[in-house]
Each structure stands twice: as C-alpha cells, then as structure tokens.
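**Q** Provided herewith is a single structure, encoded as structure tokens, for subsequent inquiry.
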Amino acid sequence: CKTCSKKLDPAMMEENEGEAYCKSCHRRQFGGAEEDDKPKVVIGGAKTCPRCNLVVTWKEAVPGPAGVDWHKECLTCKTCSKKLDPAMMEENEGEAYCKSCHRRQFGGAEEDDKPKVVIGGAKTCPRCNLVVTWKEAVPGPAGVDWHKECLNCKTCSKKLDPSLLEENEGEAYCKSCFRRQFGGVEDDDKPKVVIGGAKNCPRCNQVVTWKEATPGPGGVDWHKECLNCKTCSKKLDPALMEENEGEAYCKSCHRRQFGSEDTDGKPKVVIGGAKNCPRCNLVVTWKEATPGPGGADWHKECLSCKTCTKKLDSALMEENDGEAYCKNCFRKLFAAEDDDDKPKVVVGGAKTCPRCSQVVTWKEATPGPAGVDWHKDCLTCKTCSKKLDTSMMEENEGEAYCKSCYRRHFASEDDEDKPKVVIGGAKNCPRCHLVVTWKDSVPGPAGLDWHKDCLTCKSCSKKLDPSLMEENDGEAYCKSCHRKHFANEEDEDKPKVVVGGAKNCPRCGNTVSWKDAIGGPGGVDWHKDCLSCKSCTKKLSPEMMEEMEGEAYCKACFRKNFDE
C-alpha cells in the first residue's frame with residue numbers, strides 16, 4: 001500500500017492513478033459515506049459487476065473472485081445459485097462457487113495434499129506466506145485460506161477456529177481482544193463492521209448490530225431472532241445448534257438429516273476439525289457425546305461436577321463459566337436464599353422459560369426437557385396439558401409430554417426391546433448402569449427409568465414398584481425403611497416434602513401429610529380418602545387399583561372404559 005506500506009495481494013488491493021492501496025487507506029482517501037451511491041471508479045471509467053455487467057456503487061460493492069467488486073445480490077454460486085459472502089466463497093477462473101460445489105467440481109479427497117490454486121499460482125497463508133494445501137486449509141479473515149496452525153489471535157496468540165474469529169484489516173483476533181481494541185458497550189447499537197461494510201445476517205440479509213448479534217453457523221453473526229432451525233423453525237441458541245453448509249439446525253433435525261447409526265463411532269465435526277471434550281480435550285464421537293455447559297459436546301464419562309465429581313446428566317446439571325456443577329454445589333457456591341426471587345442467569349443474560357419466554361427466578365424454576373429451567377406452572381404436557389413434574393415427564397425435541405401421550409406419539413410395541421433414548425445416547429439404570437429398554441423400564445427416584453429388577457429398597461433389598469417406593473437423594477426405599485431413616489412420630493402431621501415444596505394430592509390439590517398418605521397412580525402420594533375410582537367413586541386401595549393418564553379406576557371400570 002502506498003500509504004501504510006502494508007503487503008498486498010491482488011484480492012486485497014484497491015487502485016488509484018496507477019498506485020496500489022489497501023482497502024482501508026483507499027476508502028479513507030478516495031471514498032466516504034457520502035459517496036455510497038456513487039460508482040466505484042478506476043482509470044478508464046466506473047467499475048462494473050462481472051456477473052450482470054452493470055455499474056457497482058460504493059454501497060452495494062462486495063469483493064468477489066480475484067478481489068473484483070461485485071453487487072452483493074449478484075454474488076451467488078454459479079452452480080447452485082446459493083447466496084455467498086466472501087468468507088463462504090471459493091473461486092475458479094473468475095467465477096464464484098460455494099465450498100461444496102467448488103470441491104465437487106475442482107477438488108476431491110485425492111487432492112488433499114495439493115495446493116489450493118487461484119489464477120496466477122497457489123494460495124499462500126497470509127500469516128506465514130507458505131503454500132496452503134487442501135488438507136490444511138481453513139477459512140480466515142475475509143474468507144482467505146490460512147493454515148490451521150497459523151490461525152491464531154494476533155494479540156494474545158490464542159488458537160482460533162472460524163467460529164471464534166473476528167477480523168480487522170485482514171488480521172485475525174479472538175472475540176475478547178477484538179472487542180477490547182475495536183468495540184465497546186457504547187457500540188451496542190452500531191453495526192458490526194468488516195472490510196467492505198457492515199455485517200449482514202445470512203437469514204434476513206439485514207445489518208447486524210453489536211447488541212443483537214449471536215454467533216451462528218461458521219461463526220458468522222446472525223440476529224438472535226433469525227437463528228432458528230431451517231427444518232422445524234425451532235428457536236436456537238448457539239449451545240443447541242448444529243450446522244451444515246452454512247445453515248442452522250436443531251440437534252434432532254440435524255441428526256435425522258445428516259447423521260445415522262453408522263456415524264456413532266465417528267467424531268462430531270465442525271468447520272476447522274473434530275469437536276473436543278472441554279474437560280479432557282480429546283475428540284468426541286457421536287456415540288459418546290452428551291451436551292454439557294454452553295451446549296458444548298462432552299464425553300459422558302467426563303460430565304461430572306467440578307467440585308464433588310458427582311456424575312451428571314444434562315437434566316441434573318448447572319453451569320458457571322463453562323464448567324459443570326451438580327445443583328447442590330452450584331447453589332452453595334453461587335446462590336443464597338436471598339436469591340430466590342432473582343432470575344437464574346447464564347452467560348448472556350437471565351434464563352427464560354421455553355414455554356412462555358418469560359424470565360425464570362430461582363424460586364419458580366423446575367428442570368424441564370434437556371434439563372432447561374421452566375416455570376413450574378408452565379411445565380405441562382404439550383398434548384393434554386396435564387401438569388407435570390420431572391418424575392412424570394418425557395421429552396421430544398425440547399417439548400414436554402406425560403408418559404401416556406409420549407408413548408402414544410413416539411413409541412410402539414416393536415420398540416419394547418430397544419433402549420429408551422435421550423439426546424446424547426441411551427438411558428442407563430442408576431443402580432446397575434446398564435441400558436434400559438422400553439420393556440424393562442419402570443420409573444424410579446426423581447422419575448428416572450430403572451430396570452424393574454433393580455428397583456429394590458437400598459436398606460432391606462425388598463422388591464419395589466413405584467407405588468410402594470419412597471426416595472431420598474436419588475435412592476429408592478420401601479416405606480418402612482424410609483420412615484425409619486428419615487421420619488419419626490412427630491412428623492405424622494407434617495407434609496411430605498420433595499425438592500421444591502410439599503407434596504399435594506392430585507385429586508383435591510391439598511397438601512398430603514405423612515399420616516394420611518397412600519400411594520396412588522404413578523406412585524404419587526394421595527390422601528387415603530381421595531383414592532377412589534374416577535368413574536364410580538368406589539373406595540380403592542393400591543392393590544385394587546388400575547390407572548390411566550394419572551387417574552385411578554377400580555378394575556371393573558378400567559376394563560369397561562379401556563379394554564376392548
């Protein structure tokens with residue numbers, strides 16, 4: 001550059017009167033905001049777009065193949081017409097292609113060790129100036145190919161992948177260093193800028209400001225409101241997002257469309273390489289992946305509480321600063337009783353309930369599908385609106401269902417010998433740690449599925465069913481042993497309590513005390529006086545009772561109503 005002496009390649013060059021300038025110096029000296037609607041000029045006349053052959057103004061210019069200015073609307077893949085930005089573009093003989101079409105037409109696996117070529121010779125890495133091969137190429141600032149090993153933050157030398165990269169004047173920065181040097185809180189309502197103009201959201205093509213930006217596929221900034229699954233339109237945050245060819249998908253849709261059982265032993269990959277577990281830093285395969293803090297994939301074996309090393313699943317996990325904690329340790333370390341009416345917060349703001357989208361406070365939070373916090377009043381079955389607690393809930397694609405509706409919608413008799421699955425893999429029995437199938441599952445403590453043969457009293461080993469079970473700290477007890485260990489005579493008139501408050505009778509809605517509790521449908525405690533047949537009001541005992549959708553029936557009425 002004539003002004004700042006910066007080294008140039010043709011793709012990063014502007015010209016005036018036979019001299020070369022970097023894009024920044026050229027704009028400062030020869031064009032400003034007031035020129036946005038004027039043509040970009042070179043010696044001999046105005047610049048024209050190679051695709052449509054019409055004049056290109058400052059405002060609508062975007063760098064295309066060989067650094068030539070194109071209209072933003074014209075910069076599409078020659079083969080599939082997909083909309084491109086420079087960071088997602090490959091080129092051949094002056095034409096623009098998306099990465100998929102370019103690789104299909106001009107490069108394959110057998111070319112991995114050959115240089116990536118452009119008109120005039122092989123591509124070189126801007127950091128080390130050596131040739132970049134297909135195998136070692138990763139997109140860096142302005143979509144230029146860098147060596148994976150060279151792509152690190154100019155300021156702090158932190159290793160980067162494209163999703164964690166910001167750029168300024170052709171250099172790469174981590175998000176923290178970039179914000180410190182080039183943007184602050186006062187910039188929240190200003191557009192995020194790159195060489196050539198403001199950043200646009202790939203979904204709606206409108207300008208993205210600092211405040212409304214969220215990282216989407218390929219680390220490109222999207223509007224928070226636009227980041228939803230391409231297939232089912234489910235609202236996404238980066239932690240619950242998978243990507244393919246620049247598009248965003250929820251984990252369920254992505255797995256259905258792009259992953260199958262034969263990928264279970266292969267690594268989960270992102271642009272730039274395989275996903276690594278944040279705890280042990282080793283590659284995570286599809287089969288062993290489970291969502292951890294920030295939605296990052298962890299090994300199931302690694303997902304344990306940082307403080308007490310208790311084994312965790314997503315539904316029993318809290319997070320802070322990228323680390324996983326059990327609920328007890330998290331509360332001890334980061335919250336107190338006077339926080340009960342304050343919102344539960346995560347990086348980026350307060351937690352909101354997926355059903356009503358309102359802020360969730362500590363006091364009213366209950367874990368819902370995928371362990372996300374919901375309002376207690378919002379946690380109802382999507383189909384029949386029945387009130388749920390965690391022990392009565394099944395989930396599918398982020399929604400909550402009662403066990404009956406879930407089975408009707410998502411399981412059939414030929415599933416009985418298949419494992420019950422959750423996001424990340426099959427459900428395991430808490431007692432023996434082996435996989436639980438539909439046929440041999442029974443709800444145990446905290447509503448987790450146990451093998452029927454494993455559901456025994458921890459103290460006396462008596463065989464239990466849910467209606468004869470009490471629980472404490474995730475373990476199962478018969479009523480006698482539970483009473484011996486955890487209650488005494490003066491507790492008889494006190495309510496039976498669970499995490500989050502006293503137990504209520506499903507029939508009358510009033511609190512159930514130790515003295516008047518009896519096991520009803522689903523093993524839930526009812527008042528002895530309330531346990532009667534819903535149809536004929538006949539008084540029932542647990543051994544004379546049948547149940548359907550959380551309600552109690554005598555055997556005769558049950559047969560009349562539900563058996564053919």
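**Q** Limited to segment 88-119, what total is found for residues that are among the acidic types (Asp, Glu), modelled with pLDDT under 80 and open to solvent by less than 70 Å² (accessible area, probe 1.4 Å)?
**A** 2
**Q** Determine the pairs where a residue that is over 15 Å from THR133 (Cα atoms), located within segment 145-158, has a partner that is in a loop (DSSP other than H, G, I, E, B) with Cβ atoms under 7 Å apart, the partner being 6 or more residues away or on another chain.
**A** Final answer for the pair search is ASN152/LYS158; ASN152/LEU160; CYS153/LEU160.
**Q** Identify, please: which residue in segment 23-58 is among the β-branched types (Val, Ile, Thr) and modelled with pLDDT under 70 and is, among those, surrounded by the most Cβ atoms within 10 Å (Cβ to Cβ)?
**A** My answer is VAL41.
**Q** Taking segment 59-77 as the region of interest, how many residues are of a type in the set (D, E, K, R) and surrounded by fewer than 18 Cβ atoms within 10 Å (Cβ to Cβ)?
**A** 2
**Q** Name, by its number, the condition in (1) at pLDDT 85 or above; (2) open to solvent by 50 Å² or more (accessible area, probe 1.4 Å) that does not hold for ASP341.
**A** (1)
**Q** Would a scan of segment 142-164 turn up a residue that is modelled with pLDDT under 80, within 24 Å of ASP237 (Cα to Cα) and part of a strand (DSSP E or B)?
**A** No, the conditions are met nowhere in segment 142-164.
**Q** Still on this model: Mind counting the residues in segment 527-564 that are in contact with a Gly (Cβ under 7 Å, 6 or more places away or on another chain), of a type in the set (Gly, Ala, Ser) and at pLDDT below 90?
**A** So the count comes out to 1.
**Q** Give the residue that is surrounded by the most Cβ atoms within 10 Å (Cβ to Cβ), with candidates limited to residues of segment 221-265 that are of a type in the set (Phe, Trp, Tyr) and modelled with pLDDT of 85 or more.
**A** Once the filter is applied, the top-ranked residue is TRP222.
The values are calculated or read from the model by the stated rules, or taken from the named source; none is laboratory data. This one's a predicted model, so the numbers in the text were calculated from it and none came from an experiment. Please note: Cβ atoms are built from the backbone with ideal geometry, for glycine as well, and neighbour counts cover all protein chains shown. SASA here: full protein model, heavy atoms, side chains in, ligands and nucleic acids out. Shrake-Rupley method; radii C 1.70, N 1.55, O 1.52, S 1.80 Å.
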